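Here's the structure, in structure tokens; my notes come after.
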Amino acid sequence: SQQGEEDPQALSIQEGENATMNCSYKTSINNLQWYRQNSGRGLVHLILIRSNEREKHSGRLRVTLDTSKKSSSLLITASRAADTASYFCATASNGNTGKLIFGQGTTLQVKP
Amino acid sequence: EAQVTQNPRYLITVTGKKLTVTCSQNMNHEYMSWYRQDPGLGLRQIYYSMNVEVTDKGDVPEGYKVSRKEKRNFPLILESPSPNQTSLYFCASRLRTGDSPLHFGNGTRLTVT
């Protein structure tokens, strides 16, 4: 079952610009995570934000979480060509398994 | 280096020929999981394991088997592969706590003809 839905599905920007990706989900969560996937490779964890947090930073990444709207955004500032990848949000519901449900992803292209 | 290792990276097989995709992690993680990734369907969980000798079905377990006899290994078994199992498969692991990040292998691209 799909929980997270990313928007937009695809994004193309110039190097140096900021990229914003959004994620919406349906049920209550314990935490929300963002992952990056380079073409055909394994996903790499970027950042985790807990349900009681509103904003988190990691280097050029900024993640916000609005539990009242059931949405999150990932901002990549000063993008680089190496940021070209697919970005996925994943939600972990409450419960013992901590199962992650992934969205469909946003494909980001950063043009040099 | 901490990693999740999957083998093989690419596999082409024929319908009905049993195959195993291996997965090993060196981070002493309790939790391991298999996902398949298909265009338009995203990542879907096949099976997961909370610890040794404990396995549970994910969202799409039909046609797959797993075992967890050792903490580090979590092989995915296709007893009788069919063309609809053609996909990109990922193994992942993490610590037991639900807010630990998943570490992914580099994937196995399986084609069943």
Sort largest first and round to whole Å: the equivalent ellipsoid semi-axes of the stretch B:74-113, each the square root of five times a Cα gyration tensor eigenvalue. 26, 11, 7
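Per 0.36 nm of contour for each residue apart, how much would the distance between A:D7 and A:R80 grow if the chain were fully extended, relative to their Cα-Cα spacing?
24.3 nm
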On a 26 Å Cα-Cα criterion, which of the cross-link pairs A:K69/B:K57; A:K26/A:K111; B:K18/B:K57; A:K56/B:K71; A:K26/B:K65; A:K99/B:K18 come out too long? A:K69/B:K57; A:K26/A:K111; A:K56/B:K71; A:K26/B:K65; A:K99/B:K18
On the formula 1/(1 + (r/R0)^6), with r taken between the Cβ atoms of A:S68 and B:T113 and R0 of 41 Å, the FRET efficiency rounded to 0.05 is 0.25
For the stretch B:1-107, go through all pairs of different Cα atoms, get the mean of 1/r, take its inverse, and jot down that Kirkwood value in Å. 13.9 Å
Between B:R96 and A:Q109, the two model label points (7 Å from Cα along the beta-carbon direction) sit apart by a distance in nm of 4.7 nm
Give me the base-10 log of I(q)/I(0) for the stretch B:48-98 at each q in 0.21, 0.28 Å⁻¹, Debye formula, one uniform scatterer per Cα, rounded to two decimals. -0.84, -1.29
Accessible-area composition of the protein assembly as shown, carbon plus sulfur, in percent [1.4 Å probe]: 47 percent
What is the distance in Å between the Cα centres of the stretch B:24-39 and the stretch B:45-69? 10 Å
For B:100-113, mean number of other protein chain Cβ atoms within 10 Å: 4
So for the stretch A:29-112, averaging the separation of alpha carbon pairs under 8 Å that are six or more residues apart and normalising by length, what relative contact order in percent results? 29 percent
According to a simple spin-label model (label point 7 Å from Cα along Cα-to-Cβ), what is the distance in nm between B:K18 and A:V44? 3.8 nm
Quick calc: nm separation of the 7 Å Cα→Cβ label points for B:K69 and A:L61 -> 3.7 nm
In terms of solvent-accessible area of protein heavy atoms at a 1.4 angstrom probe, what is the ranking of B:M50, A:M21, highest value first? B:M50, A:M21
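Counting each pair of different Cα atoms once, what's the Kirkwood radius of chain A in Å, rounded to one decimal?
Values: mean 1/r = 0.0716 Å⁻¹.
By the Kirkwood definition, the hydrodynamic radius is 14.0 Å.
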Lys and Arg at +1, Asp and Glu at -1: neighbours of B:M32 with Cβ under 10 Å from its Cβ sum to +3
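Averaging sequence separations of C-alpha pairs under 8 Å and six or more residues apart, then dividing by the length of chain B, give the relative contact order as a whole percent.
36 percent
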Which of the three applies to the protein assembly as shown, rounded, prolate or oblate, going by the alpha-carbon gyration tensor with a ≥ b ≥ c and a/c under 1.5 meaning rounded? prolate
In Å² (nearest 100), what accessible area is buried between A and B, both sides summed, heavy protein atoms only, 1.4 Å probe? 1800 Å²
Between A:Q104 and residues 5 or more places away or on another chain, which pairs have amide H atoms under 5 Å apart, with H built 1.01 Å from N, and which residues are they? A:E6
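The values are calculated or read from the model by the stated rules, or taken from the named source; none is laboratory data. Note that the coordinates shown come from a computational prediction; the quantities given were computed from them, not determined experimentally. Note that each Cβ is placed from the backbone with ideal geometry, even for glycine, and that neighbours are counted across all protein chains shown. Keep in mind that these areas ignore ligands, DNA and RNA; they rest on the heavy atoms of the full protein, side chains included. Shrake-Rupley method; radii C 1.70, N 1.55, O 1.52, S 1.80 Å.
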